[in-house]
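Heads up, the thing below is written out as C-alpha cells.
The values are calculated or read from the model by the stated rules, or taken from the named source; none is laboratory data. Computed from a prediction, not measured in an experiment: that's the story for all the values here. Don't worry about glycine lacking a Cβ; one is built from the backbone with ideal geometry, like all the others, and counts go over all protein chains shown. Accessible surface areas use protein heavy atoms only, side chains included; no ligands, DNA or RNA. Shrake-Rupley method; radii C 1.70, N 1.55, O 1.52, S 1.80 Å.
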Amino acid sequence: MRLFSRFIPVVLAGSLAAVAACGNSTGTGPQAASVTGVAGDSQTASTGATLAFPLSLVALDASGHPAQGVHVTWSATPGGAASFTPASTTTDVNGVASTSATLGSVVGAITIHAAVPGVSDVLYHVTAVDPCTRLTPYTFGDTVTAALSVTDCNFQSAGWFYDFYQLDLPLGQQSIRIRMSSGTFDTWVDFFSAAGPLFGFDDDEVLGQVQNSQLDIILPGGSYVIGANSFDQLTTGAYTLSTETRPAAMNGCRQVWVARGVTVNDSLTAADCADSAVTPHHYDVARIQLVQGTVLTIAEHSTAINPSLALYRILDLNSYPRSLVAQNDDSSAGNQTAFIQFTVTQPGPYDIVIGSSAGGETGAYTFDVSASTTLSPRTAAPIVRGRMRWGDLGLPRRAKH
C-alpha cells in the first residue's frame, strides 16, 4: 500500500448457532443424532486470509457416542465468500470433522455452513475486513513478531504490503522510538495520526548500511497508527516490530521527527552536526511532515547561544535536493530568539536546522513547534530562496540513501 489511508477499526462478532433452521441433511451413509464441540466461530480476518483457527465439530450418535464416518460438507454464504481445505470430510473415530477456511474478496458478514447428515446445518459466523482499514491493537513497549503477506493491504494496488497497528499514547509530550527489523527484507515503517495524516517514516537505521528501520519522534500523546511495510515492492516475509521510550532531545545529524505542539530542551555540542566553515556552526536536525494550506510556527530560544533556524523543503524523491524556504536569526531588533512562521504551499517532509548564528557556539536551547496551524499577529520571518543538499539527514520515501 501507499500512504494516507483513513484508518477505521472494524470489530464485529457473531454468535454461534449450532443448530439452524436450514433443513436436515440426509444421505445413505452414517448420520449424526446431534453435534457438540463446535469450535472456530466468531472470527475476524482480512479478505484473502486464512482464518487463524480451524472450524471443527464433533458428531454424536443416538447414544451420545462419537459418530464415525459421517460425511460433512462446508460452504459459505454469500457464495464464494470463503473456500475450504478440505471442502468435505468424514468424521474420524472421535467424531471430529474439521476444515481450514480462506476468505475471498467479500467484505462484511459471512456465514459458513457445515452440512451434517441427520441434523440441521451447523453455522459459523465470520467477519471479513478490508486489510487497508483493519488495525491490530498494539501496546507500547511490546515486541511483535509478524509477517508481510500477499493478503495484507496493498493500497491502491501500488505494490507495497502493509500491516497496521493502533498505538495509543498517554496524554502529555512523548519521545518514542519505533524499530522494525527483518532478516529477509529491507524494512520501512510509516507513522500516522489515527485521523489519517502521515507524521513520519523511516527506511534505514544507519543510512545505507543497516537496513532495519528506526523512527525517532517527539509528539503529543494521542492515537496513532504504525504502518509496517517494506522498501521494495511486492515484498513478503517475517519481521519484528517494537517500541521504546527515547531521550526527549534531538540527535545531531540523524533527523528526529517532531509534531506540532511540542517543546524540546536540548544543547548544541561539538558532537552535533557541523558545517564546513573554518569555525564550524553546530546544529541539530528536526523533521516534520507538513500539510498544504497550514501554517508552521517554530521558535528557538537560548541565553547561551545566538539561535538560528532554517527550514528546508525536500524537493524530490530521487536525488533529494533541499530548498531553503525560510530562515531567521533574530525575531526582532534586540531579540535573539529565532522565529519562523511559514505558510505551507507544498505538502511533504521538511527539515528544520536548529543552530547558532555564530561559529563554534555551543550551549543549551529550547525549540518550540506551535500547535497552531493558522497565522498569528506576529510578523512573519524573512524568506530566503535557495537550494542545497543535506546528504546525511535522511531521505523521503522509497529511495536509498
Every residue from the stretch 93-131 that is surrounded by fewer than 17 Cβ atoms within 10 Å (Cβ to Cβ) and at positive phi: GLY108
Residue satisfying all of: in the stretch 138-152; within 14 Å of ALA228 (Cα to Cα) and modelled with pLDDT of 95 or more; most open to solvent (accessible area, probe 1.4 Å) among these: THR145
Hits in the stretch 324-369 (condition: in contact with a His (Cβ under 7 Å, 6 or more places away or on another chain), among the hydroxyl-bearing types (Ser, Thr, Tyr) and buried (at least 17 other Cβ atoms within 10 Å of the Cβ)): THR337, SER356, TYR365
Sole exception among (1) open to solvent by 60 Å² or more (accessible area, probe 1.4 Å); (2) at positive phi; (3) outside any loop (DSSP other than H, G, I, E, B) for GLY80, by number: (3)
Test: ASP163 is open to solvent by 20 Å² or more (accessible area, probe 1.4 Å), in a strand (DSSP E or B) and within 20 Å of GLY237 (Cα to Cα): yes
Test for LEU198: is it on the phi > 0 side of the Ramachandran plot and either touching a residue at least 40 places away in the same chain (Cβ under 8 Å) or touching a helix residue (DSSP H, G or I) at 6+ places or on another chain (Cβ under 6 Å) (or both): no
Members of the stretch 262-294 that are touching a Pro at 6+ places or on another chain (Cβ under 6 Å), loosely packed, with under 14 Cβ neighbours inside 10 Å and not hydrophobic (A, V, I, L, M, F, W, C): GLN292
Test: LEU309 is at pLDDT below 95 and over 20 Å from ARG177 (Cβ atoms): no
Residue within the stretch 113-126 that is part of a strand (DSSP E or B), out of contact with any Lys or Arg (no Cβ under 6 Å at 6 or more places or on another chain) and of a type in the set (Val, Ile, Thr) present: yes
Lone unmet requirement of (1) at pLDDT 95 or above; (2) surrounded by fewer than 16 Cβ atoms within 10 Å (Cβ to Cβ); (3) under 30 Å from SER105 (Cβ atoms) for GLU244: (3)
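Let's see how each residue does on (1) open to solvent by less than 40 Å² (accessible area, probe 1.4 Å); (2) more than 19 Å from ILE352 (Cα to Cα):
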position: GLY183; (1), (2): no, yes
position: VAL189; (1), (2): yes, yes
position: ILE217; (1), (2): yes, no
position: ALA249; (1), (2): yes, no
position: ALA259; (1), (2): yes, no
The one condition in (1) in a strand (DSSP E or B); (2) open to solvent by less than 10 Å² (accessible area, probe 1.4 Å); (3) not aromatic (Phe, Trp, Tyr) that THR297 fails to fulfil: (2)
Residue count for the stretch 35-67, restricted to those that are in contact with a strand residue (DSSP E or B) (Cβ under 8 Å, 6 or more places away or on another chain) and open to solvent by 60 Å² or more (accessible area, probe 1.4 Å): 6
For THR90: the one exception among (1) touching a Cys at 6+ places or on another chain (Cβ under 9 Å); (2) surrounded by fewer than 18 Cβ atoms within 10 Å (Cβ to Cβ): (1)
